[in-house]
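Enquirer: Sharing a structure here in structure tokens format.
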Amino acid sequence: MCGIVGFLKTSNYFFDSKDLITNQIELLSHRGPNNQDFKLYKNIAFGHTRLSILDLSERANQPMESQCGRFMIVYNGEIYNFKNLKRKLTKIDLKTESDTEVIVELISSFGVKKTLDLLDGMFAIGIWDKKKSELIIARDRFGIKPLYYSQNNGVIVFGSEAKGLLDIVPGSRNIDQTALACWNISGLNVSNHSFFRGIKK
């Protein structure tokens with residue numbers, strides 16, 4: 001299953017980054033009992049809780065960086081065509097048997113947009129481009145893997161579960177009325193609003 005969390009500070013809004021990311025990981029530890037880790041890089045933090053499936057070695061732990069050092073990712077999911085996609089990486093000596101490494105090296109070789117277009121599977125992913133200082137979050141086309149996010153007070157925060165965001169998003173322990181209205185009308189929440197105010201999905 002795995003769990004991903006992360007945030008980007010876009011202003012001088014103050015909080016202890018290490019305390020926040022370790023707390024977020026702890027809240028999602030049930031999603032990944034095999035390893036929990038995080039990386040802090042200037043104003044960004046990525047965290048991951050791992051359920052080991054494809055490659056059981058420590059080399060496949062996340063967050064994972066591309067060999068060139070430009071890209072860092074956290075990822076939850078399964079890419080069905082990753083073995084075929086590996087064949088595109090003829091100039092890369094892959095170190096693991098994980099689909100995570102294939103994704104980050106495809107991003108390094110072909111860019112984010114083309115890589116996301118190539119992926120066949122279910123996924124939620126956070127990508128940090130160190131060169132551009134750019135954060136990208138994405139999920140599979142059908143939203144099989146959950147991804148929650150919020151942007152306020154100079155912080156962009158994301159995670160696999162809304163509860164990983166509650167401590168940093170003001171007012172998020174209140175009900176989002178748009179999501180509630182959708183539910184009351186159709187029995188579904190088809191909007192991008194979660195049931196937590198200020199947190200979208």
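The values are calculated or read from the model by the stated rules, or taken from the named source; none is laboratory data. Since the model is a prediction, treat every value here as computed from it, not as a measurement. Using ideal geometry, Cβ is built from the backbone for each residue, glycine included, and neighbour counts are taken over all protein chains shown. Accessible surface areas use protein heavy atoms only, side chains included; no ligands, DNA or RNA. Shrake-Rupley method; radii C 1.70, N 1.55, O 1.52, S 1.80 Å.
Enquirer: State which residue is least open to solvent (accessible area, probe 1.4 Å) when the search covers only segment 179-201 and only residues that are in a helix (DSSP H, G or I) and among the small types (G, A, S).
Expert: In the first step, residues of segment 179-201 are kept if they are in a helix (DSSP H, G or I); the result is 179-186.
The next check asks that each one be among the small types (G, A, S); those that pass are 179, 181, 186.
Working: A179: 0, A181: 44, S186: 68 Å².
Filtering first and then ranking leaves A179.
Enquirer: Okay, next question. Can you run down the residue pairs with Cβ atoms below 7 Å, 6 or more apart or on separate chains, where the first is in segment 35-57 and over 21 Å from L147 (Cα atoms) and the partner is open to solvent by less than 60 Å² (accessible area, probe 1.4 Å) and among the acidic types (D, E)?
Expert: Every condition considered, the pairs that remain are L54/D99.
Enquirer: Can you tell which of G171, G121, G143 is small (G, A, S) and over 27 Å from N81 (Cα atoms)?
Expert: Numbers: G121 fails: over 27 Å from N81 (Cα atoms); G143 fails: over 27 Å from N81 (Cα atoms).
Only one candidate qualifies: G171.
Enquirer: Further question: State yes or no: is S150 closer than 30 Å to S52 by Cα and open to solvent by less than 80 Å² (accessible area, probe 1.4 Å)?
Expert: Numbers: closer than 30 Å to S52 by Cα: yes; open to solvent by less than 80 Å² (accessible area, probe 1.4 Å): yes.
Criteria met by S150.
Enquirer: Consider L40 carefully, then state whether it is under 17 Å from G126 (Cβ atoms), of a type in the set (A, V, I, L, M, F, W, C), assigned to a strand (DSSP E or B) and within 16 Å of the chain's Cα centre (by Cα). Give the derivation first.
Expert: Values: under 17 Å from G126 (Cβ atoms): yes; of a type in the set (A, V, I, L, M, F, W, C): yes; assigned to a strand (DSSP E or B): yes; within 16 Å of the chain's Cα centre (by Cα): yes.
In short, yes.
Enquirer: While we're here: Can you tell me which residue within segment 156-178, out of those that are open to solvent by less than 20 Å² (accessible area, probe 1.4 Å), among the hydrophobic types (A, V, I, L, M, F, W, C) and in contact with a Ser or Thr (Cβ under 7 Å, 6 or more places away or on another chain), is nearest to I25 (Cα to Cα)?
Expert: L165
Enquirer: Right, another one. Go through (1) in a loop (DSSP other than H, G, I, E, B); (2) surrounded by fewer than 19 Cβ atoms within 10 Å (Cβ to Cβ) for K145 and report which single condition fails.
Expert: So the condition that K145 fails would be (2).
Enquirer: Also: Out of all the residues in segment 1-20, which are modelled with pLDDT under 90 and either exposed (fewer than 12 other Cβ atoms within 10 Å of the Cβ) or not in a loop (DSSP other than H, G, I, E, B) (or both)?
Expert: Across segment 1-20, the qualifying residues are K9, S11, N12, Y13, F14, D16, S17, K18, D19, L20.
Enquirer: Cβ contacts < 6 Å: first residue more than 17 Å from A45 (Cβ to Cβ), restricted to segment 123-144; second residue basic (K, R), any location; separation 6+ or different chain. Result?
Expert: Correct list of pairs: F123/K145; K131/R70; R139/K145.
Enquirer: Quick one: would you say D93 is part of a helix (DSSP H, G or I), over 18 Å from I137 (Cβ atoms), acidic (D, E) and out of contact with any helix residue (DSSP H, G or I) (no Cβ under 9 Å at 6 or more places or on another chain)?
Expert: Values: part of a helix (DSSP H, G or I): no; over 18 Å from I137 (Cβ atoms): yes; acidic (D, E): yes; out of contact with any helix residue (DSSP H, G or I) (no Cβ under 9 Å at 6 or more places or on another chain): yes.
Spelling it out, it is not the case that D93 is part of a helix (DSSP H, G or I), over 18 Å from I137 (Cβ atoms), acidic (D, E) and out of contact with any helix residue (DSSP H, G or I) (no Cβ under 9 Å at 6 or more places or on another chain).
Enquirer: Also: Return the residues of segment 84-126 that are surrounded by fewer than 19 Cβ atoms within 10 Å (Cβ to Cβ), under 25 Å from R31 (Cβ atoms) and at pLDDT below 95; say none if nothing qualifies.
Expert: If the condition is that a residue be surrounded by fewer than 19 Cβ atoms within 10 Å (Cβ to Cβ), under 25 Å from R31 (Cβ atoms) and at pLDDT below 95, then K95, T96, E97 are the ones that fit.
Enquirer: Turning to a different aspect of this structure: Can you tell me which residue within segment 131-142, out of those that are out of contact with any strand residue (DSSP E or B) (no Cβ under 7 Å at 6 or more places or on another chain) and not acidic (D, E), is most open to solvent (accessible area, probe 1.4 Å)? Spell out the reasoning first.
Expert: If we filter segment 131-142 for residues that are out of contact with any strand residue (DSSP E or B) (no Cβ under 7 Å at 6 or more places or on another chain), which is where we start, we get 131-134, 141-142.
Cutting the leftovers down to not acidic (D, E) gives us 131-133, 141-142.
Details: K131: 160, K132: 131, S133: 79, R141: 146, F142: 180 Å².
Looking at the filtered set, the residue picked out is F142.
Enquirer: Spot the failing condition for L56; the list is (1) open to solvent by less than 10 Å² (accessible area, probe 1.4 Å); (2) at pLDDT below 90; (3) among the aliphatic types (A, V, I, L, M), and only one is missed.
Expert: (1)
Enquirer: Here's a follow-up. If you go through segment 63-81 one residue at a time, do you hit one that is under 19 Å from Q151 (Cα atoms) and open to solvent by 20 Å² or more (accessible area, probe 1.4 Å)?
Expert: Within segment 63-81, not a single residue is under 19 Å from Q151 (Cα atoms) and open to solvent by 20 Å² or more (accessible area, probe 1.4 Å).
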